[in-house]
Amino acid sequence: MVAAFFAAYRAHDVEGMVDLCAEGARLRYVPFEVWGRQRVLHGEGTVRTVGKLIWTALIDAFPDLTNTVTSLRVGAEGNVAAEVSIGGTQAKPFGGIANAGRRYELPHLFLFRVSGGELIEDIVAYWDYAAWKRQLGCLEVD
Amino acid sequence: MTAQDTAEKFFGAMQAGNVDAVLALATPDATVWLVPLDRRGPLAADGARYLGELAGAFPDLLVRVRRLFVAAGRTAVAEITIEGTQAGDFLGVADQEKQFDLDQAWMLTIAEDDRISAVTGYWDQNQLYRRLGVKRLDKINIAAG
């Protein structure tokens, strides 16, 4: 299931990624946060809203976006940990990072919960946004 | 002791700032990879250095384990939140006595004798800089006013 998810991601098949997730599946991309004056916006919500939006925008900004699953570990109760290297060449601004046409490659850790019905119910992702910015030529923290 | 017990003790020792207790849970040749710091090497050197810096900079450190499971290959996977008030320089960031909280994910490979043989830590260093008042990635030691 998780391997199929990253295969769909490699194929830029966002609908395919979503189809592997349960209705109401949750997503949290930990490094995504925007600090406004009144509140902080987080990269958190459902796969079918926030997830789809993020993946579509990423693929649009990095048209050669790809991934390599470097380790996949399955635990009890549907818990899965996947270490994944994700990279791509920037073609459009993304997440406050202006387009300098640079390429990035970053290690990520994805944590999934997969239901007994073999659908993804929860996705959490960790990576280092600072390294991402540095590789793409952006040196502002915000 | 189970792999889960070992992991819980690891994070307890991290909160206590007890680097010796962390190392006592690990094999002598245990390795560490601190992904955002691009630091890879022996846990007894690179890991101890990081944990010592963390404990020194945040004497009131709290480590909250939010999720912990043991996967195949005896790998304990944990999501934690570290919280504290800065009281010393940390990873090159000058002390401004700021309170911070940071979500992290750790993977601990547990050997057959229940000792830790490898540790990998993931977090977003940009979030850490933001919380500690850093404005530019090329001027880590110059904090905001």
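Here are the numbers for the structure shown:
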| item | result |
| --- | --- |
| Residues located in the stretch A:54-75, provided they are surrounded by 15 or more Cβ atoms within 10 Å (Cβ to Cβ), more than 10 Å from every other protein chain (Cβ to nearest Cβ) and free of Cβ contacts under 8 Å to residues at least 24 places away in the same chain | none |
| Subset of the stretch A:76-94 (residues that are within 16 Å of A:Leu65 (Cα to Cα) and either open to solvent by less than 40 Å² (accessible area, probe 1.4 Å) or within 14 Å of chain B (Cβ to nearest Cβ) (or both)) | A:Val84, A:Ser85, A:Ile86, A:Gly87, A:Gly88, A:Gln90, A:Phe94 |
| Flag if B:Asp20 is free of Cβ contacts under 8 Å to residues at least 12 places away in the same chain and more than 14 Å from chain A (Cβ to nearest Cβ) | yes |
| Scan of the stretch B:91-145 for residues that are under 20 Å from the mean Cα position of the chain (by Cα), in a loop (DSSP other than H, G, I, E, B), farther than 20 Å from B:Leu61 by Cβ and within 11 Å of chain A (Cβ to nearest Cβ), ordered by number | B:Ile140 |
| Residue within the stretch A:95-106 that is open to solvent by 10 Å² or more (accessible area, probe 1.4 Å), touching a residue at least 12 places away in the same chain (Cβ under 8 Å) and within 21 Å of A:Glu23 (Cβ to Cβ) present | no |
| Residue in the stretch A:3-27 that is surrounded by the fewest Cβ atoms within 10 Å (Cβ to Cβ), counting only those that are assigned to a loop (DSSP other than H, G, I, E, B) and hydrophobic (A, V, I, L, M, F, W, C) | A:Ala11 |
| Among (1) more than 15 Å from the chain's Cα centre (by Cα); (2) under 25 Å from B:Asn126 (Cβ atoms); (3) small (Gly, Ala, Ser); (4) open to solvent by 40 Å² or more (accessible area, probe 1.4 Å), the one test that B:Gly88 misses | (4) |
| Filtered residues of the stretch B:42-78 (kept if of a type in the set (Gly, Ala, Ser) and at positive phi) | B:Gly73 |
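For (1) modelled with pLDDT of 95 or more; (2) in contact with a strand residue (DSSP E or B) (Cβ under 6 Å, 6 or more places away or on another chain); (3) among the small types (Gly, Ala, Ser); (4) more than 21 Å from A:Trp127 (Cα to Cα), each residue gets a yes or a no:
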position: A:His12; (1), (2), (3), (4): yes, no, no, no
position: A:Asp19; (1), (2), (3), (4): yes, no, no, yes
position: A:Val30; (1), (2), (3), (4): yes, yes, no, no
position: A:Val40; (1), (2), (3), (4): no, yes, no, no
position: A:Lys52; (1), (2), (3), (4): yes, no, no, no
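The values are calculated or read from the model by the stated rules, or taken from the named source; none is laboratory data. This structure is a prediction, so every number in the text was calculated from the model and none was measured. Cβ sites come from the backbone with ideal geometry, for glycine too, and all protein chains shown count toward neighbours. These area figures cover heavy atoms from the full protein model, side chains too; ligands, DNA and RNA do not enter into them. Shrake-Rupley method; radii C 1.70, N 1.55, O 1.52, S 1.80 Å.
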